[in-house]
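> Handing you this structure, nothing more for now.
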Amino acid sequence: MTHMKTAIKMVASWAVVGAALAALPGCDPAGTLGPPVRYGPPGMVQGDGEDFLWALFRLEETRRYTSQIRYHFELQVYDTRTTQRAWTRRLLTVPHDEGGHNATARLLGVDGAVVWLFLHTQPAALSSADGTVVADRVRIEAANPGLQGLVPSELNFYAFDEGLVMTTADARRWRINAPDFKARPYTPASEARFRHLSYMATQWNGGYQTKDFLVRQGRLWERWIGLHTDKEAADVGNDAFGDKLKSPMGAGDDGALARRRLWTARIGKTREFSEGRHDRLFDLTPLPGTAEYIQGGFLNQQGTKAPWLLSQPDGALVLHRTRIDAQGRLALARLDNQLREQWKTVLPCTEINNRWQWPDRLLLLGKEEGADVDAPRLPERLVVVDLATGQLQRNPP
């Protein structure tokens, strides 16, 4: 679920990149850097046949002897198998007195072998292989002489829809694609969709809530399985119209105090309606010998409202909490196709902000344990979970 396309593993924290960035070219050795702040959503980008996670950060640098401030925008690229930083590229530095305090940058989307961004006052296309700039305003205007002087300098005039979309100063919409960077007239599927695309490009910061990745029921290996409390199960079983069966969450929610267990049911038919009969649930029965999970739910198949079914061997993942107080953490349990626990691992996160999946691993971006809940920008932790063993490792330790 992301705006841009989706043994022991490692864990990295965005909060620890600042010290490494201080050694990069362009940083005054007599200056101090503030903590990195992510700008815009992270994105999954393929380079050299592998998936890498790209994220943009802004760092505030104060020069020690002059108190002058400047702002750096850094592209950080992470290996999705190890979470180790693969490479870093300084994209832009803006002094405070040249508008640096209000400067912004965002990843917009992947277009073949390039990634489109907005950088302070202009669009830019970066090579997905190494982050080098292959197009900017000058390149776009050179490829499109009719747009000379019309390329907007404000983020609000940009979106992404299988290419860079921009509304030029003469109130026309264009789509630009690599590798020729020619502008072609653009008409969205609908104005409502275009408003959504604009919001994703200009406002959305790439975050979800943990509940966005959960479903509490579905068909697992040819039978209906639910993860509910007794009260929730009673509500789901009252399915005279078949609507409870269709819902990925069932019905009702016991909230923070929910201790959920696994249930099964048979699927039959409703009574006859004017439009016919519908499938519905009957006879919910708890599965004996299975575990209970605080606030538990099945991790969904990315981009769907169905449980993610693992293979080799068959399995499913339950995301739940270890406790309901401040010491609680999120945890993952892998169930086999008989719904028996194969492994359980506690994550170094209290919330999940984003996730990506592969057949062998799960990549999570989450709120770091111990983070100040009142902080305007919460520290984030990147976690790779090995689906075969549940193992993960922290970096730093």
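Rule-based calculations on the coordinates, nothing more; no lab input. Since this is a predicted model, take the numbers as computed values, not measurements. A quick note on method: Cβ atoms are made from the backbone with ideal geometry, for glycine too, and the neighbour counts reach across all protein chains shown.
> Could you order peptides 230-238, 126-134 by the average number of other Cβ atoms within 10 Å of their residues, highest first? Kindly include the intermediate steps, with their values, before the conclusion.
On the way: 230-238: 18.0, 126-134: 16.2.
Taking the mean over residues of other Cβ atoms within 10 Å, the ranking is 230-238, 126-134.
> Return a whole-number percent for the relative contact order of the stretch 210-346, with Cα pairs under 8 Å and 6 or more residues apart as the contact set.
On the way: 300 pairs, mean separation 30.1, N = 137.
Relative contact order of the stretch 210-346: 22 percent.
> Same structure again: Relative contact order of the stretch 124-246, please, whole-number percent, based on alpha carbon pairs below 8 angstrom and at least 6 residues apart. The partial results should precede the final answer.
Working: 116 pairs, mean separation 16.5, N = 123.
Here the relative contact order equals 13 percent.
> Additional query: Looking at the square roots a ≥ b ≥ c of the eigenvalues of the Cα gyration tensor of the stretch 47-158, which shape do they give, rounded for a/c under 1.5, prolate if a/b is larger than b/c, or oblate? Walk me through the numbers on the way to the answer.
Details: a/c = 2.41, a/b = 1.03, b/c = 2.34.
Oblate.
> Here's something else I'd like to know. Taking neighbour Cβ counts within 10 Å as the exposure measure, how do 198, 311 sort from fewest upward? Spell out each step's value before the answer.
Working: 198 20, 311 8.
Lowest count first: 311, 198.
> Along the charge dipole of the chain, which of 343, 324, 210 sits closest to the positive end, that is, farthest toward it, with unit charges on the beta carbon of Lys, Arg, Asp and Glu (+1, +1, -1, -1)?
343
> Restricting to DSSP H runs of at least four residues, report the calculated mean residue ellipticity at 222 nm for the chain, -39500 (n - 2.57) per run over all residues, nearest 500 deg cm²/dmol.
On the way: 5 runs with 36 residues, N = 397.
Counting only the DSSP helices, I get -2500 deg cm²/dmol.
> Return the distance in nm (one decimal) between the two label points of a simple spin-label model at residue 273 and residue 32, each offset 7 Å from Cα along Cα→Cβ.
That separation, rounded to one decimal, is 6.5 nm.
> For the stretch 161-177, what does the Karplus curve 6.51 cos²θ - 1.76 cosθ + 1.60, with θ = phi - 60°, yield as ³J(HN,Hα) per residue in whole Hz, taken in order and with x for Gly and Pro?
8, 6, x, 6, 10, 9, 9, 6, 5, 9, 6, 10, 10, 9, 10, 10, 10
> Applying 1/(1 + (r/R0)^6) with R0 = 30 Å to the Cβ-Cβ distance of residue 243 and residue 221, what FRET efficiency is obtained, to the nearest 0.05?
On the way: r = 24 Å, r/R0 = 0.80.
E between residue 243 and residue 221, to the nearest 0.05, is 0.80.
> Over 18 Å between Cα atoms, which of 344/367; 244/344; 246/344; 211/367 qualify? Provide the component values of the computation, followed by the final result.
On the way: 344/367 20 Å; 244/344 29 Å; 246/344 29 Å; 211/367 14 Å.
Where the Cα-Cα span goes over 18 Å, the pairs concerned are 344/367; 244/344; 246/344.
> Got a sec? Charge dipole of the chain, +1 on Cβ for Lys and Arg, -1 for Asp and Glu; which of 124, 181, 313 is way out at the positive end?
Towards the positive end, the residue furthest out is 313.
> Describe numerically, in nm with one decimal, the distance between label points set 7 Å from Cα along Cα→Cβ at residue 301 and at residue 169.
Going from the residue 301 label point to the residue 169 one covers 5.0 nm.
> Can I ask one more? Figure the gain on full extension for residue 336 and residue 184 (residue separation times 0.36 nm, minus the Cα-Cα span) and round it to one decimal in nm. Show your work: numbers first, answer last.
Details: separation 152, 0.36 × 152 = 54.72 nm, distance 5.10 nm.
Here the answer is 49.6 nm.
> For Cα extents along the principal axes in Å, the choices are [x] 70, 54, 38; [y] 65, 45, 45; [z] 69, 52, 34; which was calculated from the structure?
[x]
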